[in-house]
Structures are given as structure tokens and as C-alpha cells.
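The structure under discussion appears below in the form of C-alpha cells.
The values are calculated or read from the model by the stated rules, or taken from the named source; none is laboratory data. Just so it is clear, the structure is predicted and the values come from calculations on it, not from any experiment. Ideal geometry is used to build each Cβ from the backbone, glycine not excepted, and the neighbour counts take in all protein chains shown.
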There are 2 protein chains.
Amino acid sequence: MAFRRSLVGLSSVTIKQVAEEAQVSPATVSRAFSHPHLLNHKTIEHVRAVAERTGYVPNHTARALSTGRTGTIALIVPDITNPFFAALMRGAQARARDRGYATLLGDSDETPELEDLLLSKLAAQVEGFVLVSSRLAKQHVQRHAQRRPLILVNRDVPRLPRLLVETGPSYAEGVAHLAALGHRLIAYVAGPALSWSNRQRAQAVQKAAERLGLRAIRIATSRPSYEAGLACSEEILRSGVTAALTFDDVIAQGIMAGLASRGFSVPGDLSLIGCDGVMAMTTYPPLTSVTIQCAEAGARATDLLLDVLRGTVSREHCIHFPSAFVIRGTTSSPSLRLARADEDANSLTEMVA
Amino acid sequence: MAFRRSLVGLSSVTIKQVAEEAQVSPATVSRAFSHPHLLNHKTIEHVRAVAERTGYVPNHTARALSTGRTGTIALIVPDITNPFFAALMRGAQARARDRGYATLLGDSDETPELEDLLLSKLAAQVEGFVLVSSRLAKQHVQRHAQRRPLILVNRDVPRLPRLLVETGPSYAEGVAHLAALGHRLIAYVAGPALSWSNRQRAQAVQKAAERLGLRAIRIATSRPSYEAGLACSEEILRSGVTAALTFDDVIAQGIMAGLASRGFSVPGDLSLIGCDGVMAMTTYPPLTSVTIQCAEAGARATDLLLDVLRGTVSREHCIHFPSAFVIRGTTSSPSLRLARADEDANSLTEMVA
DNA sequence: TTGTAGGCGTTATCAA
DNA sequence: TTGATAACGCCTACAA
């Protein structure tokens, strides 16, 4: 059936042609690339020279069919355009490349349905998944994990390998910092309800507040986006809090803009603490924030997946990845202005309307 | 050689097993999925029912080897974390998915060498490339294009299919806007020297300035990043310009922060115009900016690639993608403060040092 | 250290 | 409308 032109390798030289040219068997050519240690030095050099000259490149697909290894992993995130995920992907992709793997990309648009679809579709062509901040129900995650090795990032399903960015302690530090500055009523501006990170952070704030004798209220957002932050800034003002910790930097930035457009300043009128450290320094004033080395986290998650694939690590391994609380320019003592407003919410409501 | 457990499909039911179970030939099972129109209705239903029951899923790799089509494209960008590229990737990946393609990701870290490497490595496993803002020399681009269909985004190599985001006219509008506000000396804060977009924008500013009788100077940056913007803010102040158009929003944001930290305000002390429209509204004040519908551009580029693959469009097709100039909050009349400083650069230098 | 040959799962040609 | 079967290109157990 030589009539069928290979569509994949437009100029594809095959292992057979190299073998013929080099006067060796196809197996020897194969070994020259896959298991050179089994071959005579001179043979290796000779074969490689011929391969180079003829422009031979091993066919990825054929190799994958034969070995069962595609040399590809998939990375699934809720939103590529979120700086945290973008930075994480960058680290993950770079590490995968360094270890000889290609990276397939999936953006689930924050919807569990699309995430499920991507997992199903991509399963056939990858060796494993790095599933970041999954919004999927536990049993669905487990179902996919059964089909293919799968590393969770910021999702805690027992008996599944995972990397958890531990931001709780840093949020607690943040609350302590606010308490020391004299704040008594603070807010936690929440992220996605289905997010493990969000639960961690909300709990950390709540517990730390209780311990320190502060009152912490919770403000919901639709999605971790600038717009969502902007949209909730009025609610924050009306609530009478003097400081807020947000789910992430993006929301915090939205809030800063929302306040600024209403004539309020940060930290003058409201102290603000974000999270992620990707864009914390790109705001003005620079955001006091819980910082995470996102790219490194992505690289570590990829390492974990590849180690699981090689069987060099337990399938239940759990990496606890650290964060740090960094004080920059958006926290200060509570303002008199909002403190007063707290006692007379009505007048403020008129102000910001 | 049944000893070799398939590593790819952990639970892989093959076409043969389904054929046996359904009492038909493997060819029929294949056709039930690939070319159902060749089959009897009842046969199709029967086969599909059996497939469903046994959990059969066509093996992607085997199909690719046989047909030469991997159902995968690669997307290569200089920096995933740049919001413009992130948004573009989002659109591209979503469109590819909708059309049944998976997307391989490559981040070249703004280096031609890594870009070249990615193109070479990935060529074996994809049907084609969307190459965004390539920093590669023309002949290298052509070499890769010869090996695999390749769509260029924001790179103008004749006789290669490409999508060009035409920002020139919008930059000219921006200059006219500044001229109307009374600015006489302006700056273009440049992006990557190897970037086609950068050349377009620089030329547009230069020409528009000449036409309107303004003086436009050029300020270089190391990379389109926040840090680079921050780093050049002092040079901008010292130059005595009263307004600047930047290569993109990220640089503009860096400049805003740099000015703010030195006690200068935007647009009070300097009018600023950015480009991309991804984060223009996330700054405060919101950035007057050349906006681009990035996701749509990514989707269009993917469409073009898939059309080229299907042969339904010429291999030299060129899409001119529009942009728009949007006035927001970072442009106003030139300040007296900097106009004065222009006449006495020394005193200002001391101020900002 | 190297060669031989069967098989990975699917598709597509040809024959029925 | 369906079946038998040779490829697709590579890898590897086994023989030499």
C-alpha cells in the first residue's frame, strides 16, 4: 500500500530508508536513538550521521503507538488569562519541555462541564494530567484519575497526588497585620465557591479574626476577575469595614479601581490585601499581598506527574507548597472616614450611590 | 506479542474486541465511527451500542498513524503571561476545540532560539502551527513553514498565510488626539525590536507626528513587561515629553507606577496611551488605549490554519484584523509642570533622582 | 553487538 | 453494504 503518501511527515524519511542507506537493520537505527547504550560507538555515530544527512526525524506518532507513550501531558486550568494560572502554566510547560514532554492546553472557562469534556477528550492523547483548581465534583475527579494519572493543584482529594499551595498561614499573618494596625472590622472578599483555595483562605481569615478578636464579614464575587472586584467595591464601602483581604490580586485590583473612581483611596480609606504575587507589584500603590512562586509551583506539579508516570513516587504523594505574606503599600491604620461611616451607614450609602 | 500491555489505554478496548462482540469485521466498526454514511442504519446502531457497552474509545494515536492526521495544532507565543498573548491563546484554543482539534502549547520566552527549538520538536506531532509574534529571522520562518502549514500572527512574511492586527491607524488617531489636546513633544515607548507590531506602531506614530507638526522621540525598552515600563519612566520624565504612546498596556502600566512612585500623576503630569485593550480598563485611571479583540483574533488565526489544512483557502491568505482607539482617562492637556521642566532639564533630573 | 520479524490499533483498498 | 488484509513507522523479544 505504498500509494498512501504519509500526510504527517511531508518530507518524512523513515527508519527503513536510513537503515538501507547506512547498511544496517531498522532495529539498529531505532536503537541508535532509543537505546544507544546497546550499540557500538562507531555504529551509533555512523547511523546518526546518515540520519542527519537524510533529514530523518523519528515519527512521534508511530513511536507512541508502539510504546504506548505519547510524550505529552495535558494542563487544564479554569482561565488562561488569569495571571496566576498563566504564570503557573509557564512554569509547568517549561519543565515539561525540559523533561522531553509536550504540553496540551485546556481552558475550562471556569465551568465544570467544559472541564469534564476536556478531560475526556484529551485522555486519549496524553499520558497524564495536571489539573489546576478543578471545579469538578470529587467523584468526577476520581473517575478521570482512574483513567489516567492526574495531579491536582489546589484541590484536596485524598489518595490522589496533589500540590497544595498553603496560603492559610499567610492569610492569618495578614489578619494579624491588620489587627496590629488597629482594624476591628474586616472583610474577606471570596473567590469561586467551588475553589479549594477559596475555602482555605476564608477559613484562615475567619479563624485568625476570632483568635484576635476582630469581626470578619464575607463578601461574595461572581468570578475571580477585575470586573467582579469592581462590582463589589460599593458593597465593601457600604459594609463599613476598614480593611479587606481578597481571594486574589485580580479582585483586589478591581476593588482599588472601584474605590478610586468613587473618590476613595487605598490604603487611606481602605486597607487591602491580595493574593498571588503575580501582579501585586504592578498596581499603584503596590499591593500588600500573599505571594506565591507560581511558576515554581507549576514546575513542581509537572515534576510530580512525570515522577508518577515513571513510578518513582507514590500515587498519593502530596506536596505542600509555601506562600509568604509581603507588606507593601496598601495597608495602614484604619481611616477615620470609614470608621465614622460605619456608625452611620446611611449617609455613606448616599455618598457612593 | 500479547505480552506487551498497552500503556496508553489502561482499559483500552480495541476495535477488534468490539468487532468480535458485535459479530462484524473490524472494518465495519471503524466505519461506524469514521464513515457512517457507508453503513446500514441498523449496523451503525448495533455497533455503537456494543462500543458503548464495552467502553470502546477509538485510539487517537493509532488513528493518527494510519491517517496521518493528529488532530492537533501548536500555538507558539513569546510569553504566556503577557495578557495580550493569554487572551489570544484563549480564543485560539477554544476555536480549535470547537473544530475538533487539540492545542499544544509553546512559550518561547521571547527568545528566537527557543522558538526555533519548539517549532522543530513540535513539528512531528502537529498538523500545523499558529506562530504568534515570531522573533525568528525570515528565512527560519520560511524553513519551518515548508515543513508544516503555519499561520503567522503579527508577522508579515510575504507568501505565507498570516493575520495582521492593524494598529497603525489607531496609533495615528492617538497622535491626533494628543495634538488636539495641545501636546507638541511626545514619545513612543518601543517594544521588542524584532516585533513587526512594534515597527508598525513606531512608524505610525512617526508619520502622524510629522504630518501634524509634532516632535516624536523614541524610547527603548528591554522587553514588553511591567518592569521595563517602570525602568524607563525616569527617562521619560527627563526627556521632557508631555505625552507618551507605548507599545502595549503592560509597559504603560509600569510607567504609571513609575511616575506615581516619583510623585507624578497621569494624566496630570503625563498623558499616556497604551495598546491591547486587555488590561487597559484594569488600571486607575483607566488607560486611553488602542484596543484589540484579542480572543477573536486568536480564533480567526486558528480558523485560517484549519482552512489551510483542509485546502479550502489559499496558502497565502492574509487577514487584516482591525483595532480601535478608545479614549479613557489617561490623556489630557499637557501640564505646565513638565513643560517648564522641558526648559530646565537639570532641575528635573535632580527631582526624580 | 546486531538482525529478524511480529505487533501496536486504525484506516482504506479491493473484492465480494 | 460488508469483509479480508495490507499498510502507517516504530519498537522489542528473541535469535544469532
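In table form, for the structure just shown:
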item	result
Number of positions in the stretch A:86-130 that are in contact with a Cys (Cβ under 8 Å, 6 or more places away or on another chain) and more than 9 Å from every other protein chain (Cβ to nearest Cβ)	2
Identity of the residue in the stretch B:225-247, part of a loop (DSSP other than H, G, I, E, B) and hydroxyl-bearing (Ser, Thr, Tyr), that ends up farthest from B:PRO78 (Cα to Cα)	B:THR242
Test: residue in the stretch A:66-85 that is within 7 Å of chain B (Cβ to nearest Cβ), aliphatic (A, V, I, L, M) and in contact with a Leu (Cβ under 7 Å, 6 or more places away or on another chain)	no
Within the stretch A:62-81, tally of residues that are surrounded by 23 or more Cβ atoms within 10 Å (Cβ to Cβ) and touching a residue at least 12 places away in the same chain (Cβ under 8 Å)	8
Answer from A:ARG97, A:ARG148 - the residue that is over 17 Å from the mean Cα position of the chain (by Cα) and within 24 Å of B:PHE129 (Cα to Cα)	A:ARG97
Failed condition for A:GLU127, given (1) more than 30 Å from A:GLY311 (Cβ to Cβ); (2) of a type in the set (D, E, K, R); (3) surrounded by 21 or more Cβ atoms within 10 Å (Cβ to Cβ)	(1)
Search result, residues across the stretch B:307-326 that are modelled with pLDDT under 95 and in a loop (DSSP other than H, G, I, E, B)	B:GLY311, B:THR312, B:VAL313, B:SER314, B:ARG315, B:GLU316, B:HIS317
Counted residues, the stretch B:34-56 - those being more than 12 Å from DNA strand C (Cβ to nearest atom) and under 30 Å from A:GLN146 (Cα atoms)	8
Any strands (runs of 3 or more DSSP E) falling wholly within the stretch B:149-224 and containing at least 1 residues that are among the hydroxyl-bearing types (Ser, Thr, Tyr) and touching a strand residue (DSSP E or B) at 6+ places or on another chain (Cβ under 8 Å)	B:185-189
Sole exception among (1) farther than 12 Å from B:TYR188 by Cα; (2) crowded, with 20+ Cβ neighbours inside 10 Å; (3) under 16 Å from the mean Cα position of the chain (by Cα) for B:ARG223, by number	(2)
Number of positions in the stretch A:245-269 that are away from every other protein chain (no Cβ under 11 Å), touching a helix residue (DSSP H, G or I) at 6+ places or on another chain (Cβ under 6 Å) and under 18 Å from A:SER332 (Cβ atoms)	3
Test: residue in the stretch B:169-181 that is of a type in the set (D, E, K, R) and assigned by TED's automatic domain parsing to the domain that holds B:ASP276	yes
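So that you can scan it fast, the table gives a plain yes or no per residue for (1) under 21 Å from B:VAL313 (Cα atoms); (2) polar (S, T, N, Q); (3) touching a Lys or Arg at 6+ places or on another chain (Cβ under 8 Å):
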{"position": "B:GLY100", "(1), (2), (3)": "yes, no, no"}
{"position": "B:LEU119", "(1), (2), (3)": "no, no, no"}
{"position": "B:ALA145", "(1), (2), (3)": "yes, no, no"}
{"position": "B:PRO149", "(1), (2), (3)": "yes, no, yes"}
